[in-house]
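S.K.: One structure follows; several queries about it will come next.
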Amino acid sequence: MKIAVLIKRVPDTASVFAINPDQKSVATDKLKFVMSPYDEHAVEEAIKLKEANGADVVVVSLGPDSAKEVMRTALAMGADEGLLVTGAGTDSLTSKGVAEALAAAVKSIGAELVFAGKQAVDDDASQVAERVAELLEMAHASVVTKFELNGGTAVVNREIEGGSYTLELPLPAVITIEKGINTPRYPTLPNIMKAKKKPIAEKSLADLGLSAEALAPGVVLESLSLPRQNRRNHIIDGDTPARVNELIRLLKEEEKAL
Amino acid sequence: MSVLVLLEQRGELKPCALEAATIAGQIAKASGMALNACYIGQSLSDQAESLKGFGIEKVYAYENASLSHYSNDGYVPIVRDLVNELGAKVIIGSSSALGKEFCASVAARLGAELVQDAIGLGWDGGLKATKPLYAGKVISETKITTFPAMASVRPNVISIERNGDGAPELVKRDMPQVSLRTVLKEAAQATAGTIELTEAKVVVSGGRGIGGPENWPVIEDLAKALGAAAGASRAVVDAGWVHHSHQVGQTGKVVSPDIYVACGISGAIQHQAGMRTSKIIVAINKDPEANIFKICDYGIVGDLFEVCPLLAAEVRKVRAS
């Protein structure tokens with residue numbers, strides 16, 4: 001069985017962010033980049049399945065050459081090969097275009113099962129994997145906290161507000177992964193060395209039968225800004241009972257929130 | 001040309017459905033388009049009352065027991081066909097756990113652009129959306145210029161506002177025959193009496209400062225006094241003191257309550273990502289240098305084991321009076 005795992009290289013959100021003077025881009029020179037945290041769980045789940053049942057795990061990403069850094073990490077964790085969609089037209093895509101490109105990439109692999117993080121923590125777009133599923137007419141489930149494979153059927157738990165669903169999906173299927181599902185392994189040094197020799201194929205949009213024109217974005221970025229912090233920053237003085245009573249008074253009388 | 005709002009239900013219409021209806025009504029007004037609503041579920045029946053005052057002209061109700069729970073295979077084709085039938089130009093949903101999956105799937109079927117988790121929406125010849133990026137450290141303003149355009153709205157951010165008591169016309173629809181590939185085996189409810197974090201009006205969260213799982217009841221008791229949901233920082237979840245479903249933050253849940261009370265939480269960036277859009281932030285921490293005080297409205301520098309029980313007792317007195 002072939003398993004595709006969709007992963008993305010993103011800035012570590014613990015970084016300090018600055019907006020460029022054009023107000024349309026983030027200054028990237030001081031950012032540290034990592035694999036999106038949910039994607040690490042997706043890679044781990046695929047490798048666990050490979051260890052239990054045998055499978056070829058292909059990590060798939062879209063982006064510039066630097067995306068290979070996190071693909072190598074996934075290969076060092078135990079994935080077998082990589083496929084990077086890159087080149088002209090890939091840098092300006094919206095989630096809609098990214099999904100069309102990744103769907104074509106997944107199709108070219110012939111994957112029966114696709115894992116992805118529930119969202120990437122840069123743009124938090126929260127839609128690419130679901131779009132890939134719909135474009136490929138695969139069954140899908142999102143925000144999955146437990147995954148089992150019984151023959152050709154996936155049994156998953158997915159969280160909803162105030163509860164959870166247990167779902168059975170026939171393969172082929174796309175599953176997006178939530179954090180609590182597993183603990184991603186750290187690559188060992190020998191595996192990091194081995195990963196350097198594993199293949200990462202590259203495909204352009206044209207290789208996948210797509211064109212940048214057909215995937216032209218329908219979203220205009222008007223501006224980026226840093227969040228305003230209009231907080232009161234009012235530190236309440238006094239002994240503990242006085243502070244507690246003052247807090248209640250403020251919440252009740254000033255804010256009318258209690 | 002019209003705006004369509006997707007009404008999320010879990011047996012009953014959810015508050016986020018009425019929040020979406022509120023903002024969809026504002027977009028309809030600003031753009032001069034009509035507003036319609038789509039309900040899929042067991043039965044809308046007398047809940048139609050709660051849809052008064054949003055300016056909804058028609059609510060299309062697809063009522064069927066087999067679709068009381070969300071299903072991609074069941075719900076998505078219905079909306080795709082309704083959008084095409086109505087020629088809807090703008091589609092608004094909710095950015096809940098299920099709502100995000102629903103909206104992403106509908107957008108794919110329609111070939112539509114979609115902004116998820118919007119904290120503000122508007123109209124200017126296209127659908128304008130305000131959305132946090134990079135764990136809330138950057139705010140983006142975008143405009144979708146192709147149609148249909150879609151957005152889902154972060155729960156608890158929009159205040160539900162009704163204007164008058166105009167009731168929508170109820171249009172009952174027959175259920176199309178669909179074969180569901182995905183089978184729902186079990187729908188488990190969380191323990192009775194617990195309030196869902198992302199929907200709570202008040203959230204009380206505990207961090208590393210609680211010291212150990214044996215002290216978690218301090219947080220739970222304050223939450224109970226305030227009628228709040230109990231949340232936790234990543235440190236507390238990673239240490240195994242409470243279940244991941246309590247985690248507020250970048251790799252946990254995003255909450256926007258009226259009051260967020262952070263107890264013994266340092267205020268790491270990844271935590272802020274999950275609570276930055278709270279309306280009032282209260283911080284209780286013994287370290288006056290903690291980052292949480294930089295982003296709070298009201299702060300108490302002190303031992304949470306003294307402050308929280310006293311606060312719980314005083315809140316109960318106020319509530320009782």
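S.K.: How far is helix B:216-226 tilted, in degrees, relative to the longest principal axis of the Cα atoms in chain B, given as a value from 0 to 90 rounded to the nearest 10?
M.R.: Long axis of B:216-226 versus the principal axis of chain B: about 60 degrees.
S.K.: Another question, then. Please give the contour-minus-distance gain from residue A:201 to residue A:254: 0.36 nm per residue of separation, less the Cα-Cα distance, rounded to one decimal in nm. Each step should come with its number before you reach the end.
M.R.: Numbers: separation 53, 0.36 × 53 = 19.08 nm, distance 6.10 nm.
Length gained between residue A:201 and residue A:254: 13.0 nm.
S.K.: Related question: Short version: ³J(HN,Hα) in whole Hz for each residue of segment A:47-54, in order, from phi by Karplus 6.51 cos²θ - 1.76 cosθ + 1.60 (θ = phi - 60°), x for Gly and Pro, what are they?
M.R.: Computed from phi, the couplings for segment A:47-54 are 5, 4, 5, 4, 5, 7, 10, x Hz.
S.K.: May I have the convex hull volume per residue, in Å³, for the Cα set of chain B? Write out the running numbers ahead of the final one.
M.R.: Details: hull volume 47.7 nm³, N = 321.
Enclosed volume per residue, from the Cα hull, is 148 Å³.
S.K.: Let me ask something else. Grab the DSSP H runs of chain B that are 4 residues or longer, score each as -39,500 (n - 2.57), total them, divide by all residues and round the 222 nm result to the nearest 500 deg cm²/dmol. Please list the in-between numbers first.
M.R.: Numbers: 7 runs with 86 residues, N = 321.
Calculated at 222 nm, the ellipticity per residue is -8500 deg cm²/dmol.
S.K.: All other residues with a Cβ under 12 Å from the Cβ of residue A:171 taken together, and with Lys, Arg as +1 and Asp, Glu as -1, what is their net charge? All intermediate terms of the calculation are to be shown ahead of the outcome.
M.R.: On the way: positive: A:2, B:181; negative: A:112, A:168.
Result for the neighbourhood of residue A:171: 0.
S.K.: Whole-Hz Karplus ³J(HN,Hα) for segment A:224-237, in order, using 6.51 cos²θ - 1.76 cosθ + 1.60 and θ = phi - 60°, x for Gly and Pro?
M.R.: Listing the rounded values in order: 10, 8, 8, x, 6, 10, 8, 8, 6, 6, 8, 8, 8, 9 Hz.
S.K.: Rounded to the nearest 100 Å², what's the accessible area chains A and B bury against each other, both chains counted, probe 1.4 Å?
M.R.: Values: alone 14690 and 15310 Å², together 22930 Å².
The contact between B and A buries close to 7100 Å².
S.K.: Moving to a separate point now. Using Cα pairs closer than 8 Å and at least 6 residues apart in sequence, work out the relative contact order for chain A, in percent. Could you put the intermediate results ahead of the total?
M.R.: Details: 486 pairs, mean separation 60.7, N = 258.
It comes to 24 percent, rounded to a whole number.
S.K.: Could you give the length gained on full extension between residue B:303 and residue B:180, defined as 0.36 nm per residue of separation minus the Cα-Cα distance, in nm? Walk me through the intermediate numbers first.
M.R.: Working: separation 123, 0.36 × 123 = 44.28 nm, distance 5.40 nm.
Difference between extended and current length: 38.9 nm.
S.K.: What's log10 of I(q)/I(0) for chain A at q = 0.09, 0.15, 0.16, 0.17 Å⁻¹, Debye sum over Cα points only, no solvent?
M.R.: These q points yield log10 I(q)/I(0) values of -0.49, -1.05, -1.17, -1.29.
S.K.: On to the next question. Name the residues whose placed amide hydrogens come within less than 5 Å of the amide hydrogen of residue A:126, ignoring near sequence neighbours (fewer than 5 apart) on the same chain.
M.R.: A:120
S.K.: With label points built 7 Å along Cα→Cβ from the Cα atoms of residue A:150 and residue A:186, find their separation and express it in nm.
M.R.: With each label point 7 Å from Cα toward Cβ, the separation is 3.8 nm.
S.K.: Rounded, prolate or oblate, given the Cα gyration tensor of segment A:12-133, with a/c below 1.5 counting as rounded? Show your work: numbers first, answer last.
M.R.: On the way: a/c = 2.05, a/b = 1.55, b/c = 1.33.
Prolate is the answer for segment A:12-133, as a/c is 1.5 or above and a/b outweighs b/c.
S.K.: Distance between the C-alpha centers of segment A:227-241 and segment A:120-147? Whole Å please.
M.R.: After rounding, the separation between the Cα centres reads 40 Å.
S.K.: Is there a simple number for the mean count of other chain Cβ atoms within 10 Å of the Cβ of residues in B:270-282, and what is it? Display every interim value, and only then the final one.
M.R.: Values: counts 5, 0, 2, 3, 0, 0, 2, 1, 0, 2, 8, 3, 5.
Neighbouring Cβ atoms belonging to other protein chains average 2 per residue here.
S.K.: Separate question: Within segment B:181-220, list the residues whose amide N lies under 11 Å from a label point set 7 Å along Cα→Cβ of residue A:166.
M.R.: B:185-188
S.K.: Write down the accessible area per residue of chain B in Å², having rolled a 1.4 Å probe over the full set of protein chains. The partial results should precede the final answer.
M.R.: Working: 11850 Å² over 321 residues.
Here the per-residue accessible area is 37 Å².
S.K.: Taking segment B:197-320 as the region of interest, what is the percent of Cα-Cα pairs per 5 angstrom bin, listed from the shortest bin to the one with the maximum distance?
M.R.: 2, 13, 25, 27, 22, 9, 2, 0
S.K.: Rank A:202, A:178 by accessible area, highest first, at a 1.4 Å probe radius?
M.R.: Details: A:202 95, A:178 10 Å².
Listed by decreasing accessible area, they come as A:202, A:178.
S.K.: If you fit an axis through the alpha-carbon atoms of helix B:97-110 and take the longest principal axis of the Cα set of chain B, what angle between them do you get, 0 to 90°, nearest 10?
M.R.: 30
S.K.: Here's a follow-up. Would you mind giving the mean number of other chain beta-carbons within 10 Å of the Cβ of each residue in A:18-25, as a whole number?
M.R.: Numbers: counts 2, 2, 0, 0, 0, 1, 1, 0.
Mean inter-chain Cβ contacts per residue within 10 Å come to 1.
S.K.: Can you sort B:124, B:46 by solvent-accessible area, 1.4 Å probe, largest first? Could the numbers behind the result be given before it?
M.R.: Details: B:124 80, B:46 115 Å².
Sorted descending by solvent-accessible area, the residues read B:46, B:124.
S.K.: With the contact rule set at Cα under 8 Å and sequence spacing of 6 or more, what percent relative contact order holds for chain B?
M.R.: Numbers: 707 pairs, mean separation 46.6, N = 321.
Here the relative contact order equals 15 percent.
S.K.: Let me ask another. Give me, ordered by chain and number, the residues 5 or more places off residue B:94 or on other chains with an amide H under 5 Å from its own placed amide H.
M.R.: The answer is B:153.
S.K.: Under the rule of -39500 (n - 2.57) per DSSP H run of 4 or more residues, summed and divided by the residues of chain A, what mean residue ellipticity at 222 nm is obtained, to the nearest 500 deg cm²/dmol? List each step's numbers first, then the result.
M.R.: On the way: 6 runs with 67 residues, N = 258.
Calculated mean residue ellipticity at 222 nm is -8000 deg cm²/dmol.
S.K.: Same structure again: What is the percent carbon and sulfur in the accessible area of the protein assembly as shown, measuring with a 1.4 Å probe over the protein chains and ignoring ligands?
M.R.: Working: 11410 of 22930 Å².
Whole-percent figure for carbon plus sulfur exposure: 50.
S.K.: How many Cβ atoms of partner chains, on average, are near each residue of A:223-233 if near means within 10 Å of its Cβ?
M.R.: Average neighbour count from other chains, rounded to a whole number: 5.
S.K.: Gap in Å between the Cα centre of segment B:1-74 and the Cα centre of segment B:160-190?
M.R.: Rounded to whole Å, the Cα centres lie 8 Å apart.
S.K.: With each label point set 7 Å from Cα along the Cα-Cβ vector, what nm distance links residue B:220 and residue B:159?
M.R.: Simple spin-label model gives 3.5 nm for this pair.
S.K.: Run the quick spin-label model on residue A:32 and residue B:289: label points 7 Å from Cα toward the beta carbon, then report their separation in nm to one decimal.
M.R.: In this crude spin-label approximation the distance works out to 2.0 nm.
S.K.: Alpha carbons only, please: Rg and Dmax for segment B:2-173, in angstrom.
M.R.: Computed over the Cα atoms of segment B:2-173, radius of gyration and Dmax are 14.6, 44 Å.
S.K.: Taking Cα pairs under 8 Å and at least six residues apart, what relative contact order does segment B:197-320 come out at, in percent? Mind dumping the intermediate values first?
M.R.: Numbers: 270 pairs, mean separation 32.1, N = 124.
Relative CO of segment B:197-320 lands at 26 percent.
S.K.: Hey, with R₀ at 30 Å, roughly what FRET efficiency would residue A:22 and residue B:145 work out to, going by the Cβ-Cβ distance, to 0.05?
M.R.: That pair, residue A:22 with residue B:145, gives E of 0.95.
S.K.: Something else: Under 5 Å between amide H atoms, partner at least 5 residues away or on a different chain: which partners does residue B:116 have, H built in plane at 1.01 Å?
M.R.: Hits under the 5 Å cutoff: B:152.
S.K.: Please work out, to two decimal places, the log10 of the ratio I(q)/I(0) at q = 0.07, 0.12 Å⁻¹ from a Debye calculation in which every Cα of the protein assembly as shown carries one identical scatterer.
M.R.: -0.41, -1.25
S.K.: Okay, moving on. Step through the residues of segment A:11-23 one at a time and calculate ³J(HN,Hα) from phi using the Karplus curve (6.51 cos²θ - 1.76 cosθ + 1.60, θ = phi - 60°), rounding each to whole Hz and writing x for Gly and Pro.
M.R.: Couplings: x, 4, 6, 6, 5, 8, 9, 10, 9, 5, x, 6, 6 Hz.
S.K.: Report, to the nearest 10°, how far helix B:15-31 tilts away from the longest principal axis of the Cα atoms in chain B, using its own Cα long axis and a range of 0 to 90°.
M.R.: Taking the Cα atoms of chain B, the angle to B:15-31 is about 50 degrees.
The values are calculated or read from the model by the stated rules, or taken from the named source; none is laboratory data. Please read these numbers as outputs of a predicted model, since none were measured by experiment. Using ideal geometry, Cβ is built from the backbone for each residue, glycine included, and neighbour counts are taken over all protein chains shown. All accessible areas refer to the heavy atoms of the entire protein, side chains included, with ligands and DNA or RNA removed. Shrake-Rupley method; radii C 1.70, N 1.55, O 1.52, S 1.80 Å.
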